[in-house]
Amino acid sequence: MYIVPKKNINYFSNNYKTFNLIYDDIILSKEESKKIKQPTNLKFIEWWKLYIQKNIPTIFEYCPELVFSVKRDNIKKNGLQYYLNIFNSINEKPYCKELFYLDRSWYYIFS
């Protein structure tokens, strides 16, 4: 981990990976697939358009360990309802594939 002055952090992670979409969806590892207990009606791109509502990048970056820092201003860019919509979509169906969609979207939610 690096020491960075807080005022200079927009989005900071000590580890990140990239992924591409295959037929508008993500490919999960075997371990991730085992955790899914509920069926999913939405592909990643459909979920993204519905909840993230930002431009779709060609190659996605994400932090697999979910350890990152975000500047307060970046959090405030989106209103409370934006976050509630995402939360409610996940909360309605625990252990669903959408949870992995969210894991791969944090960078874009706060950027």
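When the residues of region 22-31 are narrowed to those that are over 15 Å from the mean Cα position of the chain (by Cα) and at pLDDT 75 or above, which ends up surrounded by the most Cβ atoms within 10 Å (Cβ to Cβ)? Ranking the qualifying residues of region 22-31, first place goes to Ser29.
Just to be sure before I move on: is Val4 surrounded by 15 or more Cβ atoms within 10 Å (Cβ to Cβ) and either in contact with a Phe, Trp or Tyr (Cβ under 9 Å, 6 or more places away or on another chain) or at pLDDT below 85 (or both) in the structure I sent? No. Pairing each residue of region 61-89 that is within 13 Å of Trp106 (Cβ to Cβ) with any residue that is among the aliphatic types (A, V, I, L, M), provided the two are 6+ apart or on different chains, yields C-beta distances under 8 Å for Ser69/Ile9; Val70/Ile9; Asn78/Ile109; Ile86/Ile52; Ile86/Leu102; Ile86/Ile109. Check Tyr82, Tyr95, Tyr51 and return the single one that is modelled with pLDDT under 85 and not polar (S, T, N, Q). Being modelled with pLDDT under 85 and not polar (S, T, N, Q) holds for just one of Tyr82, Tyr95, Tyr51, which is Tyr95.
All of Glu46, Glu61 fail the test of being surrounded by 12 or more Cβ atoms within 10 Å (Cβ to Cβ), touching a Ser or Thr at 6+ places or on another chain (Cβ under 6 Å) and modelled with pLDDT of 75 or more, apart from Glu61.
The set of residues in region 49-61 that are within 15 Å of Ile27 (Cα to Cα) and not β-branched (Val, Ile, Thr) comprises Phe60, Glu61.
For region 29-59, taking the residues that are in contact with a Cys (Cβ under 7 Å, 6 or more places away or on another chain) and not aliphatic (A, V, I, L, M), the one that is farthest from Leu102 (Cα to Cα) is identified as Gln38. Within region 75-109, the set of residues being surrounded by fewer than 14 Cβ atoms within 10 Å (Cβ to Cβ), of a type in the set (Ser, Thr, Tyr) and under 22 Å from Pro39 (Cα atoms) comprises Tyr95 only.
The values are calculated or read from the model by the stated rules, or taken from the named source; none is laboratory data. These numbers were taken from a predicted model, which means no experiment stands behind them. Backbone-built Cβ (ideal geometry, glycine too); neighbour counts: all protein chains shown.
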